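Undergrad: Questions regarding the structure given below will be posed in turn.
The values are calculated or read from the model by the stated rules, or taken from the named source; none is laboratory data. If you're wondering where the values come from, they're calculated on a predicted model, not measured in any experiment. Heads up, the Cβs are rebuilt from the backbone with ideal geometry, glycines too, and the neighbour counts pull from every protein chain shown. What goes into the accessible areas is simple: the full protein's heavy atoms, side chains included, and nothing from ligands, DNA or RNA. Shrake-Rupley method; radii C 1.70, N 1.55, O 1.52, S 1.80 Å.
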Amino acid sequence: MSLRRLLLRLPRYLGVSGSPRRLWWSPFLDTVSSVGSWRGQSSRSPAHWNQVVSEAEKIVGYPTSFMSLRCLLSDELSNIAMQVRKLVGTQHPLLTTARGLVHESRHNLQLRGLVVLLISKAAGPSSVNASCQNYDMVSGIYSCQRSLAEITELIHTALLVHRGIVNLSELQSSDGPLKDMQFGNKIAILSGDFLLANACNGLALLQNTKVVELLASALMDLVQGVYHENSTSAKENHITEDIGISTWKEQTFLSHGALLAKSCQAAMELAKHDADVQDMAFQYGKHMAMSHKINSDLQPFIKEKTSDSITFNLNSAPVVLHQEFLGRDLWIKQIREAQEKGRLDYAKLRETIKAGKGVTSAIDLCRYHGNKALEALESFPPSEARSALENIVFAVTRFS
């Protein structure tokens, strides 16, 4: 069966109809809006962002939205998809994740893999070490670098699936039958593990020890970062946590920046570039990811039309900065004033935060990381790929 026919059938397997429902967990890097965390919409129109990514995809040779689908449409995962279909009609978040991977495929923008491909092409082959010149190269990118981009997306997708596991001890009657949640958790664990196993197999086939170490450490960082996130948001009293912006940066790099940064570095290693070039690629990936995460955190505060019922992470960048400017005592007071009958009125709290300095400071911080990413690109020769990487930064850091 052709890839196109499989793509057309898979939404029916997953019961796709209409727009995906909101996931239960707090936004991951973003936000899993259609396909997941890296849609990266700035306050400008989605059409502008889609245009930037579409032009970048032409430079690297093919749409990155098809990269991990080769794995997702394998016979093994097709069997899992049939099991996921049994969740149709329930409220388990795994179903929403699965729908997001196939719903409106033209919006399934896998930015991590795209950035890896772009920076691979921007750097080109090593001028010092010619040992990899015999590798297959398509559109200025080695085949091993394309494999790395797929591996990066597989790891990210696996983490999204695993993050959909429901804490059964916190279920409420409105969440549906317990057996549905238990079954969904089992499928989430198995499918996420399957994706990680495929990523590990792909890493082994690259036959590069340093690249394996880099991606293994990135996976360790991801787990550690998610653990920190869960530890600060698992209980209601997380609203009084005082993590500070420096701690926020450290945790955000682990959970949102390490995978892209180390994948960019690994792409340079595969092309046998020296340590300086690898470091610049790492810095671009790091600051690009940080800028994108802050942009995602800002969306509830800068969108023109925001639902009063929308929630936001109380450990997001604008909130953490607001708390630092305000002082801990006044912040706790504002939290208490925004509570009604033991529940937090997010609409009221959002307006309070918007009246402070946290939002404007977060915008400045987003642009700071964007500028650092652009500085890292200056070490690469001018090219279409470099311009595309710059345009991605511009799209994420523009708020007018």
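Undergrad: On the full set of protein chains, 1.4 Å probe, figure out the accessible area of MET290 and give it in Å² to the nearest 10.
TA: Surface accessible to solvent at MET290 totals approximately 10 Å².
Undergrad: For TYR227 and GLU378, calculate 0.36 nm times their separation in residues minus their Cα-Cα distance, and state this gained length in nm to one decimal.
TA: Details: separation 151, 0.36 × 151 = 54.36 nm, distance 3.51 nm.
Length difference between fully extended and current span is 50.9 nm.
Undergrad: What FRET efficiency, computed as 1/(1 + (r/R0)^6) with R0 = 45 Å and r the Cβ-Cβ distance, is obtained for SER169 and HIS48, rounded to the nearest 0.05?
TA: On the way: r = 43 Å, r/R0 = 0.96.
After rounding, the FRET efficiency stands at 0.55.
Undergrad: Let me test this: with uniform point scatterers at the alpha carbons of region 138-226, what is the Debye-based log₁₀ I(q)/I(0) at q = 0.17, 0.19, 0.22 1/Å?
TA: -0.77, -0.88, -1.05
Undergrad: Something else now. Which value, in Å³ per residue, describes the convex hull spanned by the Cα atoms of region 285-396? Let's see the in-between values first.
TA: Values: hull volume 11.3 nm³, N = 112.
Here the figure is 100 Å³ per residue.
Undergrad: Could you tell me what percent of the accessible area of region 245-400 is made up of carbon and sulfur, with a 1.4 Å probe and every protein chain present? Don't jump to the answer; show the numbers that get you there.
TA: Working: 3230 of 6840 Å².
Using a 1.4 Å probe with all protein chains present, region 245-400 comes out at 47 percent carbon and sulfur.
Undergrad: If we sort 151-164, 262-275, 386-399 on the protection proxy, mean other Cβ atoms within 10 Å, highest first, what's the order? Display every interim value, and only then the final one.
TA: Values: 151-164: 25.2, 262-275: 23.5, 386-399: 20.1.
Top of the packing list down: 151-164, 262-275, 386-399.
Undergrad: Okay, moving on. Expressed in nm², what is the orientationally averaged projection area of the convex hull enclosing the Cα positions of region 277-336? If you can, show how the numbers build up before the last one.
TA: Working: hull surface 22.6 nm².
Projected area, direction-averaged: 5.6 nm².
Undergrad: What nm distance separates the two modelled labels at PHE399 and ASP274, each placed 7 Å from Cα along Cα→Cβ?
TA: My value for the distance between the label points is 3.9 nm.
Undergrad: Are there any GluC sites (Glu not before Pro) in region 306-387 that are in a DSSP loop and have at most 13 other Cβ atoms within 10 Å? List them by number.
TA: Values: sites: GLU324, GLU337, GLU340, GLU351, GLU375, GLU378, GLU384; in loops: GLU378.
Sites meeting the loop and neighbour criteria: GLU378.
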